[in-house]
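Please read the structure below before turning to the comments.
The values are calculated or read from the model by the stated rules, or taken from the named source; none is laboratory data. From a predicted model like this one, the values you see are computed outputs, not experimental measurements. Every residue, glycine among them, receives a Cβ derived from its backbone with ideal geometry; neighbour counts consider all protein chains shown. These area figures cover heavy atoms from the full protein model, side chains too; ligands, DNA and RNA do not enter into them. Shrake-Rupley method; radii C 1.70, N 1.55, O 1.52, S 1.80 Å.
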Amino acid sequence: MSLQRKRTVILISGRGSNMAALIDAAADPAFPAEIVGVISDKANAPGLGIAASRGIATKVVTRAEHASKEAHDEAIATALDTFGAEIVALAGYMRLLTTGFVETWQGRMINIHPALLPSFKGLDTHQRALDAGIRVHGCTVHFVTPEMDDGPIIAQAAVPVLIDDDEPTLSARVLKAEHRLYPLALKLFAEGKVRMEGSRTAFSGFSDSIGTDEIVSPHPARDEIDLEQLARITP
Ligand code: GRF
(Lines give C-alpha, C1' and ligand atoms only; values in the text may rest on other atoms or scores of the structure.)
Protein backbone atom coordinates (compact mmCIF):
# COMPACT_ATOMS: atom_id res chain seq x y z
CA MET A 1 0.00 0.00 0.00
CA SER A 2 1.37 3.43 -0.93
CA LEU A 3 -0.68 5.30 1.68
CA GLN A 4 1.50 7.83 3.52
CA ARG A 5 -0.12 7.93 6.92
CA LYS A 6 0.20 11.27 8.69
CA ARG A 7 2.17 11.00 11.93
CA THR A 8 -0.23 12.25 14.59
CA VAL A 9 0.41 13.06 18.25
CA ILE A 10 -2.47 13.48 20.71
CA LEU A 11 -2.30 15.90 23.65
CA ILE A 12 -4.37 15.02 26.71
CA SER A 13 -4.82 16.06 30.33
CA GLY A 14 -7.25 13.48 31.65
CA ARG A 15 -9.65 10.66 30.87
CA GLY A 16 -8.62 10.20 27.25
CA SER A 17 -11.83 8.78 25.79
CA ASN A 18 -11.51 10.85 22.59
CA MET A 19 -7.85 9.85 22.42
CA ALA A 20 -8.95 6.20 22.64
CA ALA A 21 -11.46 6.75 19.81
CA LEU A 22 -8.67 8.17 17.61
CA ILE A 23 -6.30 5.33 18.50
CA ASP A 24 -9.00 2.76 17.71
CA ALA A 25 -9.77 4.35 14.34
CA ALA A 26 -6.08 4.55 13.46
CA ALA A 27 -5.59 0.88 14.32
CA ASP A 28 -6.93 0.28 10.81
CA PRO A 29 -3.87 0.40 8.52
CA ALA A 30 -6.03 2.07 5.85
CA PHE A 31 -6.74 5.03 8.16
CA PRO A 32 -4.78 8.04 6.81
CA ALA A 33 -3.37 9.06 10.21
CA GLU A 34 -1.10 7.03 12.46
CA ILE A 35 -1.05 7.78 16.19
CA VAL A 36 2.66 7.86 17.01
CA GLY A 37 2.50 9.29 20.50
CA VAL A 38 0.45 10.75 23.33
CA ILE A 39 1.66 13.68 25.44
CA SER A 40 0.04 14.58 28.74
CA ASP A 41 0.62 17.60 30.97
CA LYS A 42 -0.64 15.53 33.92
CA ALA A 43 1.39 12.59 35.19
CA ASN A 44 -1.75 10.93 36.57
CA ALA A 45 -3.96 11.30 33.48
CA PRO A 46 -5.96 8.06 33.12
CA GLY A 47 -5.56 8.33 29.34
CA LEU A 48 -1.83 7.57 29.67
CA GLY A 49 -2.55 4.02 30.82
CA ILE A 50 -5.08 3.52 28.01
CA ALA A 51 -2.54 4.67 25.41
CA ALA A 52 0.19 2.45 26.84
CA SER A 53 -2.17 -0.54 26.85
CA ARG A 54 -2.78 0.07 23.12
CA GLY A 55 0.98 0.10 22.50
CA ILE A 56 1.26 3.86 21.93
CA ALA A 57 4.34 5.73 23.20
CA THR A 58 3.53 8.27 25.92
CA LYS A 59 5.34 11.26 27.35
CA VAL A 60 4.52 13.40 30.37
CA VAL A 61 5.47 17.09 30.19
CA THR A 62 4.16 18.87 33.27
CA ARG A 63 3.88 22.60 33.78
CA ALA A 64 5.54 22.28 37.21
CA GLU A 65 8.77 21.04 35.65
CA HIS A 66 9.12 24.26 33.69
CA ALA A 67 9.83 27.82 34.76
CA SER A 68 7.29 29.47 32.48
CA LYS A 69 4.34 28.73 30.24
CA GLU A 70 6.62 29.40 27.25
CA ALA A 71 9.22 26.91 28.50
CA HIS A 72 6.47 24.31 29.03
CA ASP A 73 5.21 24.72 25.47
CA GLU A 74 8.77 24.60 24.15
CA ALA A 75 9.25 21.25 25.88
CA ILE A 76 6.04 20.00 24.27
CA ALA A 77 7.27 21.27 20.89
CA THR A 78 10.51 19.34 21.39
CA ALA A 79 8.55 16.19 22.28
CA LEU A 80 6.44 16.63 19.13
CA ASP A 81 9.61 16.91 17.04
CA THR A 82 10.98 13.77 18.65
CA PHE A 83 7.80 11.94 17.68
CA GLY A 84 8.11 13.35 14.17
CA ALA A 85 4.60 14.77 14.45
CA GLU A 86 2.87 16.09 11.34
CA ILE A 87 -0.55 16.57 12.98
CA VAL A 88 -1.38 17.49 16.58
CA ALA A 89 -4.79 16.47 17.92
CA LEU A 90 -5.89 18.05 21.19
CA ALA A 91 -8.21 15.70 23.06
CA GLY A 92 -9.18 17.14 26.42
CA TYR A 93 -5.91 19.06 26.76
CA MET A 94 -6.94 21.48 29.49
CA ARG A 95 -4.26 24.14 29.13
CA LEU A 96 -4.24 27.16 26.85
CA LEU A 97 -1.27 26.97 24.50
CA THR A 98 0.96 30.00 23.94
CA THR A 99 0.44 32.04 20.80
CA GLY A 100 3.93 31.15 19.55
CA PHE A 101 3.24 27.43 19.86
CA VAL A 102 -0.16 27.75 18.21
CA GLU A 103 1.25 29.80 15.34
CA THR A 104 3.94 27.19 14.72
CA TRP A 105 1.32 24.45 14.45
CA GLN A 106 -1.51 26.49 12.93
CA GLY A 107 -3.24 24.57 10.15
CA ARG A 108 -1.78 21.32 11.50
CA MET A 109 -3.41 21.26 14.94
CA ILE A 110 -7.04 20.34 15.63
CA ASN A 111 -9.25 20.20 18.73
CA ILE A 112 -12.59 18.79 19.77
CA HIS A 113 -14.94 21.00 21.77
CA PRO A 114 -18.11 19.74 23.47
CA ALA A 115 -20.55 22.28 21.99
CA LEU A 116 -21.70 23.59 18.65
CA LEU A 117 -19.24 26.44 18.22
CA PRO A 118 -19.30 29.40 18.18
CA SER A 119 -21.83 28.86 20.99
CA PHE A 120 -20.55 27.88 24.41
CA LYS A 121 -16.82 28.39 24.13
CA GLY A 122 -14.89 27.51 27.27
CA LEU A 123 -15.83 25.19 30.12
CA ASP A 124 -19.09 23.73 31.54
CA THR A 125 -20.66 23.66 28.11
CA HIS A 126 -23.36 21.10 28.92
CA GLN A 127 -24.70 22.86 32.02
CA ARG A 128 -24.65 26.17 30.16
CA ALA A 129 -26.53 24.57 27.27
CA LEU A 130 -29.15 23.25 29.70
CA ASP A 131 -29.41 26.63 31.42
CA ALA A 132 -29.90 28.34 28.05
CA GLY A 133 -32.73 25.95 27.19
CA ILE A 134 -31.42 25.09 23.74
CA ARG A 135 -32.99 22.05 22.05
CA VAL A 136 -30.00 21.03 19.93
CA HIS A 137 -26.48 20.67 21.32
CA GLY A 138 -23.40 18.89 20.05
CA CYS A 139 -19.69 18.98 19.42
CA THR A 140 -17.22 20.58 17.04
CA VAL A 141 -13.82 19.69 15.61
CA HIS A 142 -11.90 22.79 14.58
CA PHE A 143 -8.45 24.05 13.71
CA VAL A 144 -6.67 25.59 16.67
CA THR A 145 -5.90 29.31 16.54
CA PRO A 146 -4.54 31.54 19.32
CA GLU A 147 -8.04 32.58 20.44
CA MET A 148 -9.67 29.86 22.58
CA ASP A 149 -12.23 27.62 20.81
CA ASP A 150 -12.28 30.03 17.91
CA GLY A 151 -10.55 28.39 14.92
CA PRO A 152 -12.14 27.37 11.61
CA ILE A 153 -14.72 24.61 11.98
CA ILE A 154 -14.03 21.28 10.29
CA ALA A 155 -17.01 19.20 11.37
CA GLN A 156 -19.91 19.26 13.79
CA ALA A 157 -22.29 16.69 15.20
CA ALA A 158 -25.63 17.62 16.71
CA VAL A 159 -27.61 15.81 19.38
CA PRO A 160 -31.03 16.65 20.78
CA VAL A 161 -31.45 18.06 24.28
CA LEU A 162 -34.21 16.01 25.86
CA ILE A 163 -36.74 17.41 28.31
CA ASP A 164 -35.47 15.31 31.22
CA ASP A 165 -31.77 15.79 30.54
CA ASP A 166 -29.35 16.75 33.25
CA GLU A 167 -25.63 17.38 32.90
CA PRO A 168 -24.62 13.68 33.08
CA THR A 169 -27.16 12.47 30.50
CA LEU A 170 -26.51 15.32 28.08
CA SER A 171 -22.71 15.10 28.36
CA ALA A 172 -22.87 11.33 27.80
CA ARG A 173 -24.93 11.82 24.62
CA VAL A 174 -22.52 14.46 23.31
CA LEU A 175 -19.47 12.36 24.23
CA LYS A 176 -20.82 9.46 22.18
CA ALA A 177 -21.10 11.81 19.20
CA GLU A 178 -17.57 13.12 19.89
CA HIS A 179 -16.18 9.61 19.64
CA ARG A 180 -17.64 9.28 16.15
CA LEU A 181 -16.95 12.79 14.96
CA TYR A 182 -13.29 13.15 15.93
CA PRO A 183 -12.03 10.13 13.94
CA LEU A 184 -14.09 11.25 10.93
CA ALA A 185 -12.65 14.76 11.12
CA LEU A 186 -9.07 13.52 11.59
CA LYS A 187 -9.55 11.24 8.60
CA LEU A 188 -10.74 14.13 6.40
CA PHE A 189 -7.84 16.29 7.52
CA ALA A 190 -5.16 13.61 7.20
CA GLU A 191 -6.27 12.68 3.70
CA GLY A 192 -6.23 16.32 2.62
CA LYS A 193 -9.96 16.84 2.15
CA VAL A 194 -10.04 19.72 4.60
CA ARG A 195 -7.40 22.36 5.16
CA MET A 196 -7.16 25.68 6.87
CA GLU A 197 -7.14 28.63 4.49
CA GLY A 198 -6.89 31.92 6.32
CA SER A 199 -9.76 32.09 8.77
CA ARG A 200 -11.79 29.41 6.96
CA THR A 201 -11.75 25.68 6.40
CA ALA A 202 -11.52 24.72 2.74
CA PHE A 203 -13.19 21.46 1.67
CA SER A 204 -12.20 19.48 -1.40
CA GLY A 205 -12.51 16.07 -2.92
CA PHE A 206 -15.85 15.25 -1.35
CA SER A 207 -18.07 12.57 -2.74
CA ASP A 208 -21.24 11.06 -1.37
CA SER A 209 -19.41 7.82 -0.79
CA ILE A 210 -17.49 9.17 2.19
CA GLY A 211 -20.65 10.08 4.03
CA THR A 212 -20.35 13.85 3.93
CA ASP A 213 -24.01 14.14 4.84
CA GLU A 214 -23.26 12.62 8.19
CA ILE A 215 -20.69 15.14 9.29
CA VAL A 216 -21.11 18.36 7.36
CA SER A 217 -24.55 19.82 7.15
CA PRO A 218 -25.68 21.21 4.81
CA HIS A 219 -23.86 19.23 2.17
CA PRO A 220 -21.15 21.46 0.64
CA ALA A 221 -22.08 20.40 -2.89
CA ARG A 222 -25.78 21.24 -2.57
CA ASP A 223 -27.51 24.52 -1.96
CA GLU A 224 -30.52 23.55 0.03
CA ILE A 225 -30.52 23.32 3.79
CA ASP A 226 -32.34 20.27 5.05
CA LEU A 227 -33.72 21.49 8.36
CA GLU A 228 -34.97 18.06 9.26
CA GLN A 229 -31.51 16.64 8.84
CA LEU A 230 -29.89 19.43 10.80
CA ALA A 231 -32.16 18.69 13.75
CA ARG A 232 -31.54 14.98 13.69
CA ILE A 233 -28.77 13.28 15.56
CA THR A 234 -25.72 13.76 13.41
CA PRO A 235 -23.76 11.64 12.71
C1 GRF B 1 -14.27 16.15 25.83
O2 GRF B 1 -15.60 16.45 26.12
C3 GRF B 1 -13.70 17.11 24.82
O4 GRF B 1 -14.66 17.57 23.92
C5 GRF B 1 -13.23 18.26 25.69
O6 GRF B 1 -12.74 17.65 26.85
C7 GRF B 1 -13.37 16.39 27.03
C8 GRF B 1 -12.27 15.38 27.13
O9 GRF B 1 -12.76 14.10 27.41
N10 GRF B 1 -12.28 19.06 25.00
P11 GRF B 1 -11.84 12.85 27.12
O12 GRF B 1 -10.55 13.08 27.92
O13 GRF B 1 -11.59 12.77 25.67
O14 GRF B 1 -12.59 11.66 27.65
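A few points about this structure:
- The stretch 77-111 and the stretch 125-147 have Cα centres separated by 22 Å.
- Shape category assigned to the stretch 122-162 from the gyration tensor of Cα positions, a/c cut at 1.5: oblate
- Taking the longest Cα principal axis of the chain as reference, the axis of helix 69-83 is set at about 90 degrees.
- Along each principal axis, Cα extent of the stretch 1-88, largest first, Å: 45, 24, 16
- Protein accessible area in the chain, 1.4 Å probe - carbon and sulfur %: 52 percent
- The dipole here belongs to the stretch 1-120: it is taken about the Cα centre, uses +1 on the Cβ of Lys and Arg and -1 on the Cβ of Asp and Glu, and is about 240 debye.
- Reciprocal of mean inverse Cα separation for the chain (Kirkwood radius, Å): 18.2 Å
- Net charge, residue 46 excluded, C-beta distance under 15 Å - Lys, Arg +1, Asp, Glu -1: +2
- Surface accessible to a 1.4 Å probe, residue 147 within the full protein complex, Å²: 120 Å²
- Top positive-direction residue, dipole computed over the chain with Cβ charges, set 92, 159, 170: 92
- Dipole magnitude of the chain, debye to nearest 20 (Cβ charges: Lys/Arg +1, Asp/Glu -1, about Cα centre): 520 debye
- Model label sites at residue 68 and residue 197, defined 7 Å from Cα along the beta-carbon direction, differ in position by 3.8 nm.
- Looking at the chain, the accessible area is 48 square angstrom per residue; that uses a 1.4 Å probe and ignores ligands, DNA and RNA.
- Crossing angle, helix 167-190 versus the chain [Cα axis fit, 0-90 degrees, rounded to tens]: 70 degrees
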